[in-house]
Amino acid sequence: MRAKPIIVGADGTGWSMAAVRWAAREAQRRGLPLRVTHVFDWEWREARYDMSHDYLDLAREHAEGITAGAVYEARVASGKQDVEGDPVIGRHPASRLLAEAEGAELMVLGSRGRGGFASLLLGSVSQRVATHAPCPVVVVRGRGAEAEGPVVAGVDDSPAADGVLETAFEAAAGHGCALEVVRSYLPAVPLWMAKAPDADAVTPEADTQERARLEAQLAPWREKYPDVPVTVVLTHHGIAAELVEASHRARLVVVGSRGHGVIAGTALGSTGLQLLHHADCPVYIVRAKH
């Protein structure tokens, strides 16, 4: 059975070309096929009154040009020759990309663009796909495909954490780099202490216990990937701010799309969304396997 491809969205902008380069190198690293997809909207206002289909032909020609340019960029970036180009007609690009994601191993998008790939800061297609895609999604932003440094993973104590750790360890091993695992927590406070002035104070014992829990989570992955250097970071600050800060020295930040506690995932939640808006390196949103 043919392996599922990595699919990357392209719209001809510099942001999408960064996503294409990242996706091409990732496909090369994993030995997976790569498909470049450009969704073009043929239902322009003029096209509705164009009985000769000139506008549709022009749109298709434009889309094929964007796709061909992205395919060339992917081949140059990775040396892969088996890159498919796929200009797709669709009135609603997000919906079309979500349908494409059904058959993807990974969907890769740029953080900004035009038309169907408007800026994530404006909250459009890329954000919707990252939030709702059935497969893992990488949004390439900040330093993009040229980012160096460790892989950084935000990990809570939910069942979804294993998926994040699996992805993060595999990425660190594949890139030959270190892994930094970040957890934010606040110790449980008895109800009778809730209003005490120092109720939110963290004791060394609480840190030791939390670190032990995290190390127990990491143990099977350390054993599976013994050559990956791992640094554990415990913080009592907000996880989103910590991961955004870490993104300035990282090549990739990995988080889950579901969870509870400090990395609650509900449709990405605030942590994932803040990373998609503000991270300085690509962000990998892990989906739970079904």
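Numbers at a glance
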{"quantity": "Qualifying positions in the range 226-262 - among the hydroxyl-bearing types (Ser, Thr, Tyr) and surrounded by fewer than 20 Cβ atoms within 10 Å (Cβ to Cβ)", "calculated": "231, 235"}
{"quantity": "Scope the range 163-178; condition farther than 21 Å from residue 238 by Cα and part of a helix (DSSP H, G or I); matching residues", "calculated": "163, 166, 167, 169, 170, 171, 172, 173, 174, 175"}
{"quantity": "Residue under evaluation residue 90, criteria (1) buried (at least 17 other Cβ atoms within 10 Å of the Cβ); (2) modelled with pLDDT under 80; (3) under 22 Å from the mean Cα position of the chain (by Cα), criterion not met", "calculated": "(3)"}
{"quantity": "Counted residues, the range 63-72 - those being surrounded by fewer than 19 Cβ atoms within 10 Å (Cβ to Cβ) and in contact with a strand residue (DSSP E or B) (Cβ under 7 Å, 6 or more places away or on another chain)", "calculated": "2"}
{"quantity": "Candidates 164, 155 - the one that is aliphatic (A, V, I, L, M) and in contact with a helix residue (DSSP H, G or I) (Cβ under 8 Å, 6 or more places away or on another chain)", "calculated": "155"}
{"quantity": "Pick from the range 104-133, criterion touching a Pro at 6+ places or on another chain (Cβ under 7 Å) and assigned to a helix (DSSP H, G or I), ranking: modelled with the lowest pLDDT", "calculated": "116"}
{"quantity": "When residues of the range 16-57 are limited to those that are farther than 23 Å from residue 126 by Cα and outside any helix (DSSP H, G or I), the one modelled with the highest pLDDT", "calculated": "31"}
{"quantity": "Residues located in the range 73-87, provided they are in contact with a strand residue (DSSP E or B) (Cβ under 7 Å, 6 or more places away or on another chain) and at pLDDT below 80", "calculated": "80"}
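The values are calculated or read from the model by the stated rules, or taken from the named source; none is laboratory data. Keep in mind it's a predicted model, so treat the numbers as computed, not measured. So basically every Cβ, Gly included, is an ideal-geometry build from the backbone, and we count neighbours across all protein chains shown.
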